[in-house]
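In what follows, a single structure is set out as structure tokens and then discussed.
The values are calculated or read from the model by the stated rules, or taken from the named source; none is laboratory data. Owing to the predicted nature of the structure, the values given are computational and were not obtained by experimental measurement. Positions of Cβ are generated from backbone atoms using ideal geometry, with glycine treated the same way; all protein chains shown enter the neighbour counts.
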Amino acid sequence: MARGTIVAPRERATRGRSLRPPLGRRVREWLIEAPLALAALVSIGTTVGIIGVLVFETYEFFQVVPLWQFLTDTQWTPLFSEKHFGIIVLLSATVLTTVGAIAVALPLGLLVAIYLAEYASPAARRIIKPVLEILAGIPTVVYGYFALLFVTPILQAILPQTAVFNGASAAIVMGIMILPMISSMGEDALAAVPRELREGAYALGATRFEVATQVVVPAASSGLMAACILAVSRAIGETMIVTIAAGQSPTLTLNPLVPIETMTAYIVQVSLGDTPYGSLEYKTIFAVGTTLFLLTLLLNIASQWLLARFREVYQ
Amino acid sequence: MRVPGSVMARRRAIGRAFELLCLAATSVGILVLIVLLVDIARRGLPTLTWDFLTNYPSRFPEQAGIRAALVGSLWLVGLTALFAVPTGIAAGVWLEEYARRGWLSRVIEVNIANLAGVPSIIYGLLGLGVFVRALQFDRSVLSGALTMALLVLPIIIINTREALRAVPGSLRDAAYALGATRSQVVWGVVLPAALPGVLTGIILALSRAIGETAPLITIGALTFIAFLPRSPLDPFTVLPIQIFNWVSRPQPAFHQLAASGIIVLLLVLLSLNALAIYLRDRARRSMQW
């Protein structure tokens, strides 16, 4: 924290009574500070609220549906008369689109990060970084439009068996969406590698490519890993692209060319219908939400832990 | 002597090829952006008329417009700013300038970092459970704005803190030396100096609020609405939900309307960001040390 070197008045004042600010002034200061602290506590309230809502509704859900069935059933049909609640169906769709998105975003994002950190001239960076920022700022519903109306027709032209709704086009576009995240976090990680390491490798006669791939990238590996995990978490929670482009048919499949339904798409599907409050269908979205929340929370914590370790190494 | 030379040449060639590969990967991002914008413009510009801006949605594509969605988005972003901006700045100021480095500020810090990574649809479930059901605000623009305010709060807090941290310590010391209280230092000296960064955070947060779709669908914002909200307790729709609705229909005529809606949405976001850059530069010019 960049606070000055001089001791703040409150600490200094306690040493001599005469320097202590008058009571009225201290009350006024407190009156200013209390609401500020309250505002900071709103964030704690948000977390408590999220966990409270999820736990409450999910508990009610598991009063009706046994946890074992939730985890092992291979069908997901809560909206039919014969109900099945196998989360694996939605989870597999989420995993399929996420793996596809990472398969697109990770190699591209890493190459972009290496280019920005090791090769690009300042002029090139001035063009590339804003473009990546624009990509990161485009609303996801726009990406959904792009996946369904631009990428899917191209896929259908190449592979005629591709359905209108499919996991592949959603995954590709989601990969483009998370590319800026990997490239900017990756660039930060690469740039944090001390110059001495690079200079040492150059002094041993390494080429720029060898320095980048054999010295800088391994040295930044935990930072790059953190970026990758955060990207996975982002892809798992992404909603509009998969809802628009991947479809709303809960199918247990690893085929990327047929309609599927991810966890997030299911929540949207139920929210769009007129599900009565308190019904079992209503509670399913909270059970799905809890699964989603736990998954992303674990990944976020893992990412933060890796980043903290990375910072420790180079400070 | 020939062998080492050729090895070196090969190593250099590999390096050159790798650099080209990196460049190619980078141009993929730029290329996709161009293709995306061209496709939207090609499909959406013909139907982007004055009637499109002023008509309510309709079953007939030629009569459909975004009036309700545009006004709804304005309501939503206005109310979201009303809730999130003061709270976010206050929380950022407290964490950076007031809070002692104790367990409480650490817990809040970790908590904010985690909240920033929670998927937006989870905030929708929070809004559904708390604002729509428990507090009985129903599917109103108030529920939507409160949900969205919680969603963007971490962005404002994190950016405010970074901006405050960047203010030189000498400014604080000078103010303290003149006998100012902590609050006078914070509100009279540090915060004005940090204003450009704080503004950037606010604009980022509001851009996010304008573009978000999923949490609003979850709290039950309507997809078809033929009137304007008159109070915070009225039902509403927003531009991204209207676009989603049109994209989801099978008829190509509605896809064109979706593209027109996207053009409007992107223009709004673009002008918001231009405004942010302008304000930031102006604030920066008046503040020099």
Cβ-Cβ under 7 Å, sequence separation 6+ or interchain: first residue in the range A:244-255 and touching a residue at least 12 places away in the same chain (Cβ under 8 Å), partner assigned to a loop (DSSP other than H, G, I, E, B) and surrounded by fewer than 15 Cβ atoms within 10 Å (Cβ to Cβ). Which pairs? A:LEU252/A:THR74
Given (1) assigned to a helix (DSSP H, G or I); (2) farther than 17 Å from B:GLY220 by Cβ; (3) of a type in the set (S, T, N, Q), A:SER271 misses just (2)
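If only one of A:ALA124, A:ALA113, A:ALA157 is assigned to a helix (DSSP H, G or I), farther than 14 Å from B:CYS22 by Cβ and in the same structural domain as A:MET225 (by TED's automatic domain parsing), which one is it? Reasoning before the result, please.
Working: A:ALA124 fails: farther than 14 Å from B:CYS22 by Cβ; A:ALA113 fails: farther than 14 Å from B:CYS22 by Cβ.
Criteria check complete, one pass: A:ALA157.
Can A:THR58 be described as touching a residue at least 12 places away in the same chain (Cβ under 8 Å), among the hydroxyl-bearing types (Ser, Thr, Tyr) and within 23 Å of A:PRO276 (Cβ to Cβ)?
Against the criterion (touching a residue at least 12 places away in the same chain (Cβ under 8 Å), among the hydroxyl-bearing types (Ser, Thr, Tyr) and within 23 Å of A:PRO276 (Cβ to Cβ)), A:THR58 qualifies.
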Pick from the range B:92-105 the residues that are part of a helix (DSSP H, G or I) and closer than 27 Å to B:PRO192 by Cβ: which of them is nearest to the other protein chains (Cβ to nearest Cβ)? B:TRP94
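Just checking, how many residues over the range B:107-128 are under 19 Å from A:ILE44 (Cβ atoms), among the small types (Gly, Ala, Ser) and surrounded by 21 or more Cβ atoms within 10 Å (Cβ to Cβ)? Break it down stepwise before answering.
Residues of the range B:107-128 that are under 19 Å from A:ILE44 (Cβ atoms), as a first pass: B:107-118, B:122-123, B:125-127.
Subset that is among the small types (Gly, Ala, Ser): B:113, B:116-117, B:127.
Still in the list and also surrounded by 21 or more Cβ atoms within 10 Å (Cβ to Cβ): B:127.
Count: 1.
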Going through the range A:119-140 one residue at a time, which ones are crowded, with 21+ Cβ neighbours inside 10 Å and touching a Leu at 6+ places or on another chain (Cβ under 8 Å)? A:LEU132, A:LEU135, A:ILE138, A:PRO139
Exclusive hit being modelled with pLDDT under 90, buried (at least 24 other Cβ atoms within 10 Å of the Cβ) and in contact with a helix residue (DSSP H, G or I) (Cβ under 7 Å, 6 or more places away or on another chain), set B:ALA166, B:ALA221, B:ALA214, B:ALA205: B:ALA221
Determine if the range B:210-230 includes at least one residue that is on the phi > 0 side of the Ramachandran plot, assigned by TED's automatic domain parsing to the domain that holds B:LEU79 and either among the small types (Gly, Ala, Ser) or part of a helix (DSSP H, G or I) (or both). yes
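Inspect all residues belonging to the range B:142-153 and state whether any of them is over 20 Å from B:ARG208 (Cα atoms) and of a type in the set (A, V, I, L, M).
First, pick out the residues of the range B:142-153 that are over 20 Å from B:ARG208 (Cα atoms): none.
No.
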Determine the pairs where a residue that is in a helix (DSSP H, G or I), located within the range B:151-172, has a partner that is basic (Lys, Arg) with Cβ atoms under 7 Å apart, the partner being 6 or more residues away or on another chain. B:VAL152/B:ARG208; B:ILE155/B:ARG208; B:GLY169/A:ARG3; B:ARG172/A:ARG3
Here the qualifying pairs (Cβ atoms under 9 Å; residues six or more apart or on different chains; first in the range B:106-129 and within 7 Å of chain A (Cβ to nearest Cβ); second surrounded by fewer than 22 Cβ atoms within 10 Å (Cβ to Cβ) and not in a helix (DSSP H, G or I)) come out as B:ILE108/B:ALA99
Tally, over the range B:130-149, of residues that are surrounded by 24 or more Cβ atoms within 10 Å (Cβ to Cβ) and free of Cβ contacts under 8 Å to residues at least 60 places away in the same chain: 0
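With respect to A:LEU179, is the statement that it is under 28 Å from A:PRO130 (Cβ atoms), of a type in the set (A, V, I, L, M), within 18 Å of the chain's Cα centre (by Cα) and surrounded by fewer than 24 Cβ atoms within 10 Å (Cβ to Cβ) true? Let's see the steps before the verdict.
Details: under 28 Å from A:PRO130 (Cβ atoms): yes; of a type in the set (A, V, I, L, M): yes; within 18 Å of the chain's Cα centre (by Cα): yes; surrounded by fewer than 24 Cβ atoms within 10 Å (Cβ to Cβ): no.
It is false that A:LEU179 is under 28 Å from A:PRO130 (Cβ atoms), of a type in the set (A, V, I, L, M), within 18 Å of the chain's Cα centre (by Cα) and surrounded by fewer than 24 Cβ atoms within 10 Å (Cβ to Cβ).
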On the given criteria, is A:SER92 part of a helix (DSSP H, G or I), more than 14 Å from chain B (Cβ to nearest Cβ) and at pLDDT below 85? no
Of everything in the range B:48-76 that's buried (at least 21 other Cβ atoms within 10 Å of the Cβ) and either polar (S, T, N, Q) or within 14 Å of chain A (Cβ to nearest Cβ) (or both), which residue is farthest from B:ALA259 (Cα to Cα)? B:LEU76
In the list B:VAL247, B:VAL198, which residue meets the criterion of being within 11 Å of chain A (Cβ to nearest Cβ) and either at pLDDT 90 or above or buried (at least 18 other Cβ atoms within 10 Å of the Cβ) (or both)? B:VAL247
Which members of the range B:140-181 meet the condition of being under 23 Å from B:ALA283 (Cβ atoms) and in contact with a Pro (Cβ under 9 Å, 6 or more places away or on another chain)? B:ALA163, B:ALA180
